[in-house]
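Working notes for the structure below.
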Amino acid sequence: CKCNILSQFTSTLLLLPIFVERERLNQAFLRMACFERASPALKDVLLKLYRAEKPMEMDHHLYEFGAVEYHIQSSASDPHHAYLSISTPLLSQDTLQWHGQSHYTREMVKGVSSDAAEIVEPAKEGYQLTLRLNFDKIPSGKDSVKVITEISAVQAALLSSQLKEMLQNVNSQVTFQGMYKPIKLVYHPREPFFVVRQPQKSIAVFPMRFKENSDVIIATAFFQELMDVGSSKEWAKAPPCTWSPIPPPELRGELIEDLSTNGGFVSFDILPRHVEGKRLDKTVWSLLNFYAYVKYHVKCTRGFIQRRMRKRLERYKYMRKMVSKSKNFKRRCGNLSRKIKRIRLRIKIHGFGRFRRRWLRLPNFCSSKGYTKLD
């Protein structure tokens with residue numbers, strides 16, 4: 001029933017938020033990058049440890065989206081240090097490894113607050129990375145929040161580094177065997193996507209899956225609008241976006257379960273200019289959060305449609321109620337008018353009846369003449 005209703009209102013209610021979104025698409029990738037990189041839960045725990053007036057004993061585990069696990073340890077005997085261990089699944093098993101992480105990944109981690117966070121070798125068993133946090137090297141005041149926020153974003157650095165290594169090969173003109181073979185990346189078990197490396201560009205392909213049929217309708221309209229806006233002159237520098245209900249040619253030969261979708265396939269062409277300098281980090285983070293961005297848009301649009309439908313339903317009920325009240329009012333007025341017509345307006349005065357019979361009686365006149373009917 002909901003699907004039928006949404007299908008009927010697609011041309012009106014559904015396209016309205018899409019057209020509103022058109023005005024904001026100039027900052028689409030920036031908004032995608034606005035998803036918080038630092039773990040809020042980890043940040044709160046580290047701030048609590050840092051601001052504690054007395055040394056704290058802590059052995060705490062945190063679990064987050066994407067099978068991410070944090071293990072925070074602190075001892076009262078060593079109040080100036082804490083240990084943070086991180087376990088996060090690899091995006092791809094094809095990534096070159098060196099003691100659990102690639103050399104490029106380790107260099108990126110070292111660049112995250114290197115003064116206050118030190119890599120412990122080897123990492124704690126069952127974790128890819130262990131950091132020793134030195135609270136004495138964390139500045140006081142507002143800067144302490146900034147440093148701890150950077151430390152809380154280490155998992156995002158681990159995740160981004162793997163994709164950065166793949167996209168950096170875009171500038172390479174060297175061909176090698178299996179270059180055009182898609183690389184399957186798994187950020188979430190139910191949301192894999194693919195990166196196809198080519199001599200002049202890389203292609204990121206996202207198979208889109210949704211649980212509700214109404215979400216498929218909303219997402220399809222959004223993808224079509226995204227392609228239209230992406231082809232405009234204002235978005236000439238952005239990665240070209242295409243959507244297709246069938247798998248693109250680059251994914252031929254992949255497993256059928258990876259290509260079974262109800263929302264089609266969204267592809268982005270990553271050109272060399274998109275991975276130069278600071279653009280590389282923005283491009284990588286936008287690709288990693290594309291699924292989350294689409295779900296956010298679908299959820300907001302669905303909520304907008306539901307609010308509009310509820311308002312219309314409430315308005316319909318209100319108008320129906322008013323019509324019913326109007327009919328009742330007319331019926332009551334009719335009954336009242338009929339009663340008024342039946343009522344004889346008499347003024348009752350105590351004793352007036354006796355006075356009227358005695359003094360206001362009309363006399364009887366008797367005629368002395370008789371009348372005979374003439375034939």
Looking only at the range 50-75, count how many residues are over 18 Å from V154 (Cα atoms) and either surrounded by 17 or more Cβ atoms within 10 Å (Cβ to Cβ) or in contact with a Cys (Cβ under 9 Å, 6 or more places away or on another chain) (or both). 1
Any residue at all in the range 110-119 that is at pLDDT below 85 and part of a helix (DSSP H, G or I)? yes
Note on Y293: of the conditions (1) over 22 Å from the mean Cα position of the chain (by Cα); (2) within 30 Å of R197 (Cβ to Cβ); (3) modelled with pLDDT of 85 or more, unmet is (1)
Kindly evaluate A38 against the criterion of being at pLDDT below 90, among the aliphatic types (A, V, I, L, M), closer than 22 Å to K137 by Cβ and open to solvent by 30 Å² or more (accessible area, probe 1.4 Å). no
In the range 51-77, residue nearest to R37 (Cα to Cα) [restricted to those that are at pLDDT below 90 and among the aliphatic types (A, V, I, L, M)]: V68
Within the range 172-185, how many residues are modelled with pLDDT of 85 or more and either surrounded by fewer than 16 Cβ atoms within 10 Å (Cβ to Cβ) or not in a loop (DSSP other than H, G, I, E, B) (or both)? 3
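Suppose we filter the range 83-100 for residues that are at pLDDT 65 or above and part of a loop (DSSP other than H, G, I, E, B); how many remain?
Qualifying residue count for the region: 5.
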Can you name every residue in the range 248-269 that is surrounded by fewer than 16 Cβ atoms within 10 Å (Cβ to Cβ) and at positive phi? G253
Find the residue count for the range 231-246, including only residues that are of a type outside the set (S, T, N, Q), without any contact (Cβ under 8 Å) to a residue 40 or more places away in the chain and closer than 22 Å to Q198 by Cβ. 6
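Could you check, for the range 237-245, whether at least one of its residues is open to solvent by less than 30 Å² (accessible area, probe 1.4 Å) and touching a His at 6+ places or on another chain (Cβ under 7 Å)?
Here is the first cut: in the range 237-245, the ones open to solvent by less than 30 Å² (accessible area, probe 1.4 Å) are 238-239, 241.
Among the residues that remain, those that are also touching a His at 6+ places or on another chain (Cβ under 7 Å) are: 239.
Checked against the condition, which is being open to solvent by less than 30 Å² (accessible area, probe 1.4 Å) and touching a His at 6+ places or on another chain (Cβ under 7 Å), the range 237-245 yields at least one hit.
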Can you tell me which residue in the range 270-328 is surrounded by the most Cβ atoms within 10 Å (Cβ to Cβ), limited to those that are free of Cβ contacts under 8 Å to residues at least 60 places away in the same chain and touching an Asp or Glu at 6+ places or on another chain (Cβ under 9 Å)? K295
Sort out which residues of the range 126-150 are in a helix (DSSP H, G or I), within 21 Å of P40 (Cβ to Cβ) and either open to solvent by 10 Å² or more (accessible area, probe 1.4 Å) or at pLDDT below 90 (or both), and write them in order of number. F135, K142, D143, S144, V145, K146, V147, T149, E150
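Just a yes or no: is a residue in the range 219-235 open to solvent by 80 Å² or more (accessible area, probe 1.4 Å) and either within 22 Å of the chain's Cα centre (by Cα) or within 18 Å of P207 (Cα to Cα) (or both)?
Within the range 219-235, one or more residues are open to solvent by 80 Å² or more (accessible area, probe 1.4 Å) and either within 22 Å of the chain's Cα centre (by Cα) or within 18 Å of P207 (Cα to Cα) (or both).
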Between H80, H103, which is open to solvent by 30 Å² or more (accessible area, probe 1.4 Å), modelled with pLDDT under 90 and within 15 Å of S160 (Cα to Cα)? H103
Out of R320, R307, sole residue that is modelled with pLDDT under 90, within 26 Å of the chain's Cα centre (by Cα) and either assigned to a helix (DSSP H, G or I) or within 30 Å of P248 (Cα to Cα) (or both): R307
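The values are calculated or read from the model by the stated rules, or taken from the named source; none is laboratory data. Everything numeric here is computed off the predicted structure, so don't read it as measured data. Ideal geometry is used to build each Cβ from the backbone, glycine not excepted, and the neighbour counts take in all protein chains shown. Accessible surface areas use protein heavy atoms only, side chains included; no ligands, DNA or RNA. Shrake-Rupley method; radii C 1.70, N 1.55, O 1.52, S 1.80 Å.
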